[in-house]
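Chemist: Quick one: this structure, given as structure tokens, is what I'll be asking you about.
The values are calculated or read from the model by the stated rules, or taken from the named source; none is laboratory data. Quantities reported herein were computed from a predicted structural model and do not represent experimental measurements. So basically every Cβ, Gly included, is an ideal-geometry build from the backbone, and we count neighbours across all protein chains shown. Surface accessibility is based on the protein's heavy atoms, side chains included, excluding ligands, DNA and RNA. Shrake-Rupley method; radii C 1.70, N 1.55, O 1.52, S 1.80 Å.
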Amino acid sequence: SNKQMEVWRSMVKRIIILLFVFSSAYGQANRFAGFGSRNTCPVEALKFIDSSGITDETEKSAVCTLVKQLKDSALWTSMRAVYPLLGRSSSSCKWNLMDIRQNDAAFRLVFFGGITFDSLGITGNGSNGYSNTFFTPSLNYDSLQAGSYGVYLSKNVDESGCAIGMRVTVSANAVAFSPRVSNIAYCSFTSTHAAVANTDSRGIYITTRLNRASSKTFKNGSLLVTHNTYVAATYNKPMFLLARNDDAGAAFFSTNTIGFAFIGKPLTDAQSSTLYNIINTFKTTLGR
């Protein structure tokens, strides 16, 4: 009958509509296949992925997990600059995960000289290659007696090069880290350096100052050295990567490879340990 025909047509129409809705939802959910949908990948990670233009699915997944773990561990708000160094180019490696803006105030990286960009991160040439973070300790840390920074280095090299930092002009005071200079690591945070034996420059290094008297550098989750007491000075030059911002500019160029770097607020021993595990997961996912 006509009535039965109308009922049948109505049912078919509803089925078609439901199939369309399901298909659209499924397609959106798989837009980011391999590293999670927009419902599971944090929006900050998605913004970074879009801005940096990275296309590798493993890199996308690593960024999503990185942001999620930083948030889940309550460390996200302790970070001022986080450099995942992905995409194998200067245009993709420059971005600060914490502030996706194309300017100095966002602490995005600007590269100079001979820098190699590949799946491991960024590598200096030891003569003129370095990157400016535009993060000036005196201006950008909440307090010169409280803050942190760190790097992951994947090459074992004995050299005079500095992995990250700056030095006060005509002074021994610095915010800097040199991993292996004649088998000695030199670590400082608004102080003169502390020297400690280190025969392998590879590792995840985290330097943190909690207050005037307490400052430490950790290597791979274990205490490497306790620093000297805070020294009052004007730490008024931006920190560099793969070199030290020195008296006349960039000096002590490194040939090492940085696979991750960060600058942040002070970290307790427990927070430093948690951050080490997060960075280790990140670099392991990438095969760095």
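Chemist: Once the dipole of the chain is set up with Lys and Arg at +1 and Asp and Glu at -1 on Cβ about the Cα centre, which of Thr58, Pro179, Ser160 lies farthest towards its positive end?
Modeler: Positive-end residue among those listed: Thr58.
Chemist: Of the cross-linked pairs Lys155/Lys216; Lys47/Lys94; Lys68/Lys94; Lys71/Lys265; Lys94/Lys216; Lys155/Lys219, which ones have a Cα-Cα span greater than 18 Å in the structure shown? Let's see the in-between values first.
Modeler: Numbers: Lys155/Lys216 23 Å; Lys47/Lys94 14 Å; Lys68/Lys94 21 Å; Lys71/Lys265 15 Å; Lys94/Lys216 28 Å; Lys155/Lys219 14 Å.
Where the Cα-Cα span goes over 18 Å, the pairs concerned are Lys155/Lys216; Lys68/Lys94; Lys94/Lys216.
Chemist: What is the packing order of peptides 144-155, 112-123, taking the mean over residues of other C-beta atoms within 10 Å and listing the highest first?
Modeler: So the peptides 144-155, 112-123, ranked by packing, come out 144-155, 112-123.
Chemist: Just to confirm, what accessible area per residue do you get for region 143-288 at 1.4 Å probe, in whole Å²?
Modeler: 34
Chemist: For the chain, take the longest principal axis of its alpha carbons; what is the angle in degrees between that and the long axis of helix 269-286, to the nearest 10 within 0 to 90?
Modeler: Here the helix axis deviates by roughly 60 degrees.
Chemist: To continue, here is another question. Show me 254-263, 186-195, 273-282 ranked by packing, highest mean number of other Cβ atoms within 10 Å first.
Modeler: Sorting 254-263, 186-195, 273-282 by mean packing, highest first, produces 254-263, 186-195, 273-282.
Chemist: Report, to the nearest whole %, how much of the accessible area of region 200-288 belongs to carbon and sulfur atoms, 1.4 Å probe, protein only.
Modeler: Values: 1570 of 3220 Å².
Answer for region 200-288: carbon and sulfur cover 49 percent of the accessible area.
Chemist: Could you work out the per residue convex hull volume over the alpha carbons of the chain, in cubic angstrom?
Modeler: 133
Chemist: Taking just the alpha-carbon atoms of region 161-207, what radius of gyration and Dmax come out, in angstrom?
Modeler: Every Cα atom of region 161-207 included, Rg and Dmax give 10.3, 30 Å.
Chemist: Something else now. Rounded to the nearest 0.05, what FRET efficiency is calculated for Ala197 and Ser119 with R0 set to 25 Å and r the Cβ-Cβ distance?
Modeler: On the way: r = 31 Å, r/R0 = 1.25.
FRET efficiency, Ala197 to Ser119: 0.20.
Chemist: Then there is this: Counting only protein heavy atoms and a 1.4 Å probe, tell me what percentage of region 133-195's accessible area is made up of carbon and sulfur.
Modeler: Numbers: 970 of 1960 Å².
Percent of accessible area from carbon and sulfur atoms in region 133-195: 50.
Chemist: While we're here: Can you give the extra length, in nm with one decimal, that the chain gains between Arg101 and Ala232 once fully stretched, where that is 0.36 nm per residue apart less the Cα-Cα distance?
Modeler: Numbers: separation 131, 0.36 × 131 = 47.16 nm, distance 3.20 nm.
That works out to 44.0 nm of additional length.
Chemist: Further question: Given points 7 Å out from each Cα along the Cα-Cβ axis, report the Ser222 to Ser138 separation in nanometres with one decimal.
Modeler: Distance between label points: 3.9 nm.
Chemist: Next question, about the same structure. Under the 0.36 nm per residue contour assumption, what length would be gained going from the current alpha-carbon distance of Ala248 and Asp50 to full extension?
Modeler: Result for the pair: 67.6 nm of gain on full extension.
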